[in-house]
Every structure is written in C-alpha cells, then in structure tokens.
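Visitor: Before I ask anything, here is the structure I am working with.
The values are calculated or read from the model by the stated rules, or taken from the named source; none is laboratory data. Fair warning: this is a prediction, and the values are worked out from it, not measured in the lab. All Cβ positions, glycine included, derive from the backbone under ideal geometry; neighbour counts span all protein chains shown.
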Amino acid sequence: MQNKLAMIALTAALGLVAASAQADTLADVKARGFVQCGVTEGVPGFSLPDANNEWSGLDVDYCRAVASAIFNDPKAVRFTPTTSTDRFNVLGSGEVDLLARTTTWTMTRDTTLGLMFVGTMFYDGQGFLVRKADGIASAADLSGAAVCIEAGTTTELNAADYFSANNLEFNPVTFTGQDEVLKAFEDGRCDVMTSDSSQLAGNRGELAVPDDYALLPEIISKEPLAIVVRQGDDLWFEITRWVYYTLLESEELGVTQTNVDEMLGSDNPGIKRLLGVEGDFGTPIGLTKDWAYQVVKGTGNYGEIFERNVGANTPLALPRGLNALWNEGGIQYSPPIR
C-alpha cells in the first residue's frame, strides 16, 4: 500500500510540474539557440555517443530534424542522457524540451503524467535474448529461468503478464539500468535477457561473441516507441508532431536529402506544399515557410534515417517491417500537408 501511495504522489507531482511548465517552449528554444533533447544513456542504433561525444541514432536524428526546422541547422541540438527512472521527471521539470528515447506509448503515461505523445518513431515489440549453448528454442521453455530485466519499465510488466498468462514460473532478476542488465546477462547471472527486440539486437552486437546468442521467435508485446513532450504547449506539440510527419511524407513523395534541391522545381502539388514552394505551412506553427525543406536537407527522410541507423547495412540489420510506409506494407503514415 505504501508503494502504491508513493506512486500516486509521484504521479501527482509530475502532473503539477508539467502543468506549471512555461508554455512557450519555442521562444525558450530560440532564445537558448538550440534544442535540448532527452535521449537514452546509450542504445546502439537509437542514441549513442562516440569517443568524441558525437551522438548518432534514429532518435538523435529526429532531434536534429527538429533543430533543422527551427534553426536551419541540424547541429543546433544538445543531448541529455536520461534513465528509465528519471526520464519523465527530467521532461516535466523543463530540463529537456522533448524526449526521444525509446519510450513506449501507454495509456497511463499518456493520461496521468502531464505528457503528450507526438508520434511513433519505431514500432517495436518485446523479445528474449538467450545463449545458443543453452538450447532454448522458444519462450515456452523459460519457466523458472532467471530473467535479466530492467526495473520500473513496461518490459518488466510485460514479462510478468506473459509468464502468468502462459502458466510459466517467473523468476526476474532486476537492475536499474540497461547496461547493468546486459553486464549481468553476459556474466551468466541469468539465463535470458528481455527488452525491446531492437534493443536486444543492439545489445547482442555489444557482446564479445555475438554469434553465441540468439533472439527467440516470440514477440510478446506492442511497443510503440514514441516522441514525448510536456502538456500545456500546443504550439510546441504541433511543431514536434509535424516534424515527425514530414519525415514520413517526404519519404512517400520521394524527396531525399540528396534530391531535395532538385525537387524544388517539381510539378507535384504535394511536393510543392511540402517544400514551401506553394502555400505557407510554417507561419501558423512559428516556423519559416521552408521549414520542411530544411528538415529534409538537414537529416533526410524517415527511410534514410532508418537505413543509416538500424537498417540492413548496419550492425542491427533490422527489417522495416511495421515501420515501412503504409503503401509498402507497413503502418507508418502521415496526414497530408495541405
């Protein structure tokens, strides 16, 4: 009961912080000169710094797209690493302008924390990583197995639900951060590691001999990994949402980082509107007329971002799957810019 009351108090406090946050994020960002983006502490393919503290990843490129829309400069962004435990407090307190850090969109988070989910950057699902030598072929074989898992995440709740629903004995071994989870699994402190499948693919690549490990075939959850902002600033929400949609719309229209200048002369009405040649879709959201052109020029479209960070020619080698456009067999979809 005490834990439940503490959670209620924390939820209320986060809501109050978000409600009291200054509701002109765009003005604050412009005055500061850069976007402050909350990211993961380091997940390959999504947000990871190199030895020179240069960040790369799917979520990082979204942040650069927002910076391009506002400043015409994809480098006008700073990154704040956040944990699964502190991420919502960091956003609610105003330390960052948005979260782009593999955060699952759920009803509770959407309705009780003073937050707004912008759009799903990556449709994922929870899986399991095992050692091939253990001969585990299916999640059905995991009853009683020690499961390395990050505490306080949807991952932990999903695993508990899955084991219960399938009458399997659940034996979780919890840790406060994903790095600790991976280290414990590598050291043999547990039999299996569970997280989002995309993250497990990245984690496998970090192990000494990646080929000694395998992802089980089962996907046990829906994990829409989404961009998050605070409630109370509709303009900022619209900017961040339409930057996301622009990445999708530009891919559908065939506008790329390479051909975007050439496309300024296109006769396609959709491309004209997208690039600001016809109509003005920037002024109503506090941006310049060519804001979407700047997004594509600065970062490329969604497909380009996907392929360079998590696609077939990267260590993760993830298929597009659900993250393909709606007309290519996936569910990524933008409302029309018109």
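Visitor: Keeping to the stretch 120-158, report how many residues are in a strand (DSSP E or B), crowded, with 20+ Cβ neighbours inside 10 Å and out of contact with any Pro (no Cβ under 6 Å at 6 or more places or on another chain).
Guide: 10
Visitor: Still on this structure, please answer the following. Every residue in the stretch 197-247 that is assigned to a helix (DSSP H, G or I), more than 25 Å from ALA159 (Cα to Cα) and basic (Lys, Arg), please.
Guide: ARG241
Visitor: I've got another one for you. Within the stretch 248-258, take every residue that is hydroxyl-bearing (Ser, Thr, Tyr) and in a loop (DSSP other than H, G, I, E, B) and give me the one that is farthest from the chain's Cα centre (by Cα).
Guide: THR258
Visitor: Looking at (1) in contact with a Phe, Trp or Tyr (Cβ under 7 Å, 6 or more places away or on another chain); (2) assigned to a loop (DSSP other than H, G, I, E, B); (3) β-branched (Val, Ile, Thr), which is the one condition that is false for THR85?
Guide: It is condition (1) that THR85 fails.
Visitor: Follow-up question, since we're still on this one. Taking the stretch 1-46, which residues are buried (at least 17 other Cβ atoms within 10 Å of the Cβ), small (Gly, Ala, Ser) and at pLDDT 95 or above?
Guide: GLY38
Visitor: Any residue that is out of contact with any Cys (no Cβ under 7 Å at 6 or more places or on another chain), modelled with pLDDT of 95 or more, surrounded by 22 or more Cβ atoms within 10 Å (Cβ to Cβ) and farther than 30 Å from LYS132 by Cα - is there at least one of those in the stretch 262-269?
Guide: No, because not a single residue in the stretch 262-269 is out of contact with any Cys (no Cβ under 7 Å at 6 or more places or on another chain), modelled with pLDDT of 95 or more, surrounded by 22 or more Cβ atoms within 10 Å (Cβ to Cβ) and farther than 30 Å from LYS132 by Cα.
Visitor: Test each condition in (1) under 23 Å from the mean Cα position of the chain (by Cα); (2) farther than 29 Å from THR25 by Cα for ILE305 and report the one that comes out false.
Guide: It fails just one condition, (2).
Visitor: Something else about it: Considering the stretch 115-153 alone, what residues qualify as being in contact with a helix residue (DSSP H, G or I) (Cβ under 8 Å, 6 or more places away or on another chain) and not hydrophobic (A, V, I, L, M, F, W, C)?
Guide: GLY119, TYR123, ASP124, GLY125, GLN126, GLY127, ARG131, LYS132, SER143, GLU150
Visitor: Could you please find all residues in the stretch 87-146 being within 13 Å of the chain's Cα centre (by Cα), of a type in the set (S, T, N, Q) and under 22 Å from LEU215 (Cα atoms)?
Guide: Result: THR102, THR103, THR104.
Visitor: Quick check: anything in the stretch 108-115 of a type in the set (Ser, Thr, Tyr) and either assigned to a loop (DSSP other than H, G, I, E, B) or surrounded by 17 or more Cβ atoms within 10 Å (Cβ to Cβ) (or both)?
Guide: no
Visitor: What about VAL277, is it among the aliphatic types (A, V, I, L, M), crowded, with 21+ Cβ neighbours inside 10 Å and part of a loop (DSSP other than H, G, I, E, B)?
Guide: So VAL277 fails the test.
Visitor: I need a count of the residues in the stretch 297-338 that are touching a Leu at 6+ places or on another chain (Cβ under 8 Å), closer than 26 Å to PRO269 by Cβ and among the aliphatic types (A, V, I, L, M).
Guide: 4
Visitor: Mind counting the residues in the stretch 59-81 that are over 19 Å from THR102 (Cα atoms) and either of a type in the set (D, E, K, R) or outside the structural domain of PRO44 (by TED's automatic domain parsing) (or both)?
Guide: 2
Visitor: To continue, here is another question. Looking at GLY282, GLY232, GLY311, can you tell me which residue is assigned by TED's automatic domain parsing to the domain that holds LYS30 and either farther than 23 Å from ASP28 by Cβ or touching a Cys at 6+ places or on another chain (Cβ under 8 Å) (or both)?
Guide: GLY311
Visitor: If you don't mind, another one. Take SER56 and decide whether it is in the same structural domain as LEU200 (by TED's automatic domain parsing) and surrounded by fewer than 23 Cβ atoms within 10 Å (Cβ to Cβ).
Guide: The answer is no for SER56.
Visitor: Taking the condition of being in a helix (DSSP H, G or I) and touching a strand residue (DSSP E or B) at 6+ places or on another chain (Cβ under 8 Å), how many residues in the stretch 320-334 meet it?
Guide: Number satisfying all stated conditions: 4.
Visitor: Sticking with this one: If you go through the stretch 159-196, how many residues are in a helix (DSSP H, G or I), buried (at least 23 other Cβ atoms within 10 Å of the Cβ) and in contact with a Leu (Cβ under 9 Å, 6 or more places away or on another chain)?
Guide: 2
Visitor: Would you check which residues across the stretch 296-307 are surrounded by fewer than 20 Cβ atoms within 10 Å (Cβ to Cβ) and touching a residue at least 40 places away in the same chain (Cβ under 8 Å) and list them?
Guide: If the condition is that a residue be surrounded by fewer than 20 Cβ atoms within 10 Å (Cβ to Cβ) and touching a residue at least 40 places away in the same chain (Cβ under 8 Å), then LYS297, GLU304 are the ones that fit.
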